[in-house]
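The values are calculated or read from the model by the stated rules, or taken from the named source; none is laboratory data. In this text the structure is predicted, and so the values were computed from the model without any measurement. We place every Cβ from the backbone using ideal geometry, glycine too, and count neighbours over all the protein chains shown.
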Amino acid sequence: MKVIFMGTPDFSVGTLEALVEAGHEVVLAVTQPDKPKGRGGKMQYTPVKEAALARDIPVYQPKKIREPECIEELKKYNADIMVVIAFGQILPKEILQMTPYGCINVHASLLPKYRGAAPIQWAVIDGEKVSGVTTMQMNEGLDTGDMILKTEIPLDPKETGGSLHDKLAEAGAKLCVETLKCLEDKTAAWEPQGESTTAYAKMLDKNLGNINWNDPAVQIERLIRGLNPWPSAYTHWNDKVIKLWQADVVEDNTDQEAGTIVKVEKDSFYVQTGEGLLKIEELQLQGKKRMDAGAFLRGNHLEYGEILKKC
């Protein structure tokens, strides 16, 4: 097929590569505009732009895809289908209906669960046992189109947002290729979505990681994993921010208030939460590198009774 590919972050790259390797002709890669990064403000390509240029695929970076001139530009390519994965802009009806096969979206959840911008991280935060990828025929709603294919991925007990991202990116690439084959073979079946059983997977922001120690240990531990590697879960100690990267739940309680350090060992320390203790095993002190708790404790004096606070 002649494909217009729309995507922006790392999650999209594997699918772009899989389409090329499967023999499809990607005639255009549409991605978000470059953005400045770092202290020098140097403009940085999106991951999809880098991958497309490496394969001599033309790149188009509209600020607003719904502008009439953008729609006219896409028409020039006479594509058979558009594949959209984490593009970052809402597509108008003119684009959704532009090609013979319409727009196919690769979404990182088992729809209709976790519609929205951050389905991967919320699946971990909410303690889901299984996630997956769904391909769907896009409509004008937000992740509400008819489903075509699904694949399930079980979550590891210590799954992080980062590790699940990589698993679903790989699964999504394979599922997209399979979906296009079904469309070409005319064996595809479309299934309407019902009502979602989960809340909209809203976009992540840094404030989400600000730990409330009154929450149960189980909930905080999932938050730490779900926000690893970004935007990270964090707390406040000794006038500095500490990011927490790995912890274990201990089904025990003390009479100390939530956030209190109740035990310090050689390679870890324990914090009282609203329900249960949280054993801290890996962290990052403000201005320092990520390290295990043992290394942190060898360089910092942490005492029983000190309190970690919400920032």
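Taking the residues in region 135-155 that are in a loop (DSSP other than H, G, I, E, B) and not polar (S, T, N, Q) as candidates, determine which candidate is nearest to Asn105 (Cα to Cα).
Among residues in region 135-155 that are in a loop (DSSP other than H, G, I, E, B) and not polar (S, T, N, Q), the one nearest to Asn105 (Cα to Cα) is Met138.
Name the pairs: first residue in region 161-173 and in the same structural domain as Met136 (by TED's automatic domain parsing), second residue modelled with pLDDT of 95 or more and of a type in the set (Phe, Trp, Tyr), Cβ to Cβ under 6 Å, at least 6 apart or on different chains?
Listed by first residue and then by second, the contacts come to Ala169/Phe11.
Taking the criterion of being under 25 Å from Lys206 (Cβ atoms), free of Cβ contacts under 8 Å to residues at least 24 places away in the same chain, over 30 Å from the mean Cα position of the chain (by Cα) and surrounded by fewer than 19 Cβ atoms within 10 Å (Cβ to Cβ), would at least one residue in region 241-264 satisfy it?
No.
Among the helices (runs of 4 or more DSSP H) lying completely within region 1-110, list those that include at least 2 residues that are in contact with a strand residue (DSSP E or B) (Cβ under 6 Å, 6 or more places away or on another chain) and surrounded by 15 or more Cβ atoms within 10 Å (Cβ to Cβ).
In region 1-110, the matching helices (runs of 4 or more DSSP H) lie at 10-21, 47-54.
Considering only residues that are exposed (fewer than 15 other Cβ atoms within 10 Å of the Cβ) and in a loop (DSSP other than H, G, I, E, B), which ones fall in region 182-205?
Lys186, Thr187, Ala189, Trp190, Pro192, Gly194, Glu195, Thr197, Ala199, Lys202, Met203, Asp205
Among the residues of region 207-218 satisfying the criterion of being under 19 Å from Gly127 (Cβ atoms) and within 19 Å of the chain's Cα centre (by Cα), which is surrounded by the most Cβ atoms within 10 Å (Cβ to Cβ)?
Gly209
Let me confirm something: among Ile280, Ile307, which residue is under 20 Å from Tyr234 (Cβ atoms) and not assigned by TED's automatic domain parsing to the domain that holds Leu227?
Every option except Ile307 fails the conditions.
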